[in-house]
Every structure is written in C-alpha cells, then in structure tokens.
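Notes follow the structure.
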Amino acid sequence: MMKPVLLGLVIVGLAGCSEAVPEAHVQYQKDPTFLALGAKGEQALAAFHQACPQFQAFASDFENIKLSSYTVATPRELGWHQGAELSFKVKDQPKHTELIQSRSFGHNCWISMGGGDAPGIVSGKQACSSICGATDANAGGAYYMAVPDMAVLESAEEAKAIEDKRVAAGASDVTILTKKALKGNYQAQRNLAYEYQHGRGSAPYDPPRACAWRGIIMASGSPKVDESDQSNLELACGRLTPAQREQAARIFSEIAEVL
C-alpha cells in the first residue's frame, strides 16, 4: 500500500479606455460558420471592439483578417464549448510602433471569443494577446482577458448543460479506465490523469484529481515512469490554488489506500 505522505514528497513546492475606431476601418472576411452565428456573432464582435479598441486602431497593419466559429472545447478551464475566432497576420514591417515594441510583427494570430464560465477572449501567443493588453497567462497557459458581454455566445447554463451531457455519456468509460488505473496499469493512470487535466475523453474537467493521479504515477515505482511524467506532474499540480492542492492531497490519499 502506498503512503499518503508520498504526495507531499511528490508535489510540494509546485506551486484607461480609448475611443474605438469605427468598424469600417477593418475589412473582415466572415466565413459561413461565423455568419451562421447571426446576431450572436455580431454582438460578440461589437464586444471585442469595445474591449480591444487597439485592434481597430492597428488594423492597417493586419492582413487576412478572418472571422469564423468553433464548436470544440477551447481551454476547458474557461468552460467554453462554442464561440467565435478571429485570425489575422501582423505585417512584417508594421507602421505602429506598439506592434514593434511588443514584437508582434510577422506573427499569425488567433484570438478566440467565448462565454461559458469565464466570458472573454484568449490567445495562445503573448505577441498576439498583447495587442489587446492581455499579457498574463492564465491557468491553462493561454493569455486571457475577461469580457463579460461575450456571454452572448454561450451562457454559463448552456455550457454546463453541454458538459453534463458529455460527462454522462462517458461515465461508463471512465469507470472502466479507473478500474484499470487502480490495478496499477501505468498507461491507464496516464490516460486518466490526462482526461481529468484537460476535460478530454470521457472524464470531467477536474484539476485536483488530475494532480492526484499524476502524483500516484510518480510514487508508483513503475519502471515506465520517465521525465515526461515529472513534467506532467509539475504542470498539473503547479497551477492549482492552495485549496485545490489540499483537495488533491486528499484524493491522492484515497487512491493510495486502494492501490
């Protein structure tokens, strides 16, 4: 039987508005998926303009400005399942010094808009997110800016209904995978941790449980454990709040008692 105290050994230490430029200054290519959003899409675009007036101000330095929609989960911790996406390229030699100072020039950018649990905009590149003033990475490693009016794309209630349906449909798969993991199956443990960590597959998005399983893997003594498992542990546990770390420690103890 594994000692609950091992979790401590494994994871301790991880631990003014501008006036918007008129939309006419931006030439958007709106694909059919964005047009299908109808009024919701246009309201989201208006909310983006209000939250990021810099985009319109710098529009002459952008190329291939496109709007589309998505129906996949983009970072799960935000509770998004559907929304709009803006893509564009920053010219190699922009005329606006701000784009030079932020080293945004030459970048192909994607900015996602969503509602769910945390309405806002997000980009995976700091060089792109900095255009709107978002320079701090969130728990998912992306650059996020809160924009409450993005709730028009997907309410918290709608997001919850979608997530509840997904989790319910995959409940039996999670049960089977968990049974394998509790028998010490290394790959099952990795798969289960991944699914909880990212809200993928059949499991719900559950960061503390993901951290606990990452800790179990590191404490298992399996010869298959490698450097990637250590990196996964740091990634899963390092982003937790103090309260979530306490929860992860309790879950680790419960699992360790069974193994």
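Annotations for the structure displayed:
- Scan of the stretch 96-150 for residues that are assigned to a helix (DSSP H, G or I) and open to solvent by 40 Å² or more (accessible area, probe 1.4 Å), ordered by number: Thr97, Glu98, Ile100, Gln101, Gln126, Pro148, Asp149
- Only one of Ala248, Ala256, Ala243 that is in contact with a helix residue (DSSP H, G or I) (Cβ under 6 Å, 6 or more places away or on another chain) and either more than 21 Å from Lys183 (Cβ to Cβ) or of a type outside the set (Lys, Arg) (or both): Ala248
- Looking only at the stretch 28-83, residues that are under 15 Å from the mean Cα position of the chain (by Cα) and either in a strand (DSSP E or B) or modelled with pLDDT of 95 or more (or both) come to 2 in all.
- Only residues that are touching a Leu at 6+ places or on another chain (Cβ under 9 Å) and either open to solvent by less than 60 Å² (accessible area, probe 1.4 Å) or hydroxyl-bearing (Ser, Thr, Tyr) (or both) were counted across the stretch 194-221, and they come to 18.
- The numbered conditions (1) over 22 Å from the mean Cα position of the chain (by Cα); (2) over 21 Å from Asp226 (Cα atoms); (3) small (Gly, Ala, Ser) are all true for Ala181 except (2).
- Positions within the stretch 232-245 being more than 16 Å from Glu195 (Cα to Cα) and among the polar types (S, T, N, Q), in sequence order: Thr241, Gln244
- Search result, residues across the stretch 186-206 that are out of contact with any Gly (no Cβ under 7 Å at 6 or more places or on another chain) and assigned to a helix (DSSP H, G or I): Tyr186, Gln187, Ala188, Gln189, Arg190, Asn191, Leu192, Ala193, Tyr194, Tyr196, Gln197, His198
- Sub-6 Å Cβ pairs linking a first residue in the stretch 164-180 that is closer than 9 Å to Pro204 by Cβ to a second residue that is open to solvent by 40 Å² or more (accessible area, probe 1.4 Å), at least 6 apart or interchain, are Val167/Pro204, ordered by first then second residue.
- Meets criteria (at positive phi and among the small types (Gly, Ala, Ser)) for Gly170: no
- Residue tally, condition hydrophobic (A, V, I, L, M, F, W, C) and open to solvent by 40 Å² or more (accessible area, probe 1.4 Å), over the stretch 237-248: 1
- For Ala161, the conditions (1) open to solvent by 30 Å² or more (accessible area, probe 1.4 Å); (2) in contact with a helix residue (DSSP H, G or I) (Cβ under 7 Å, 6 or more places away or on another chain); (3) assigned to a helix (DSSP H, G or I); (4) not polar (S, T, N, Q) are fulfilled apart from (2).
The values are calculated or read from the model by the stated rules, or taken from the named source; none is laboratory data. Model, not experiment: these values are computed from the prediction. Here Cβ is always computed from backbone atoms with ideal geometry, including for glycine, and neighbour counts include all displayed protein chains. With ligands, DNA and RNA removed, areas are computed over all heavy atoms of the protein, side chains included. Shrake-Rupley method; radii C 1.70, N 1.55, O 1.52, S 1.80 Å.
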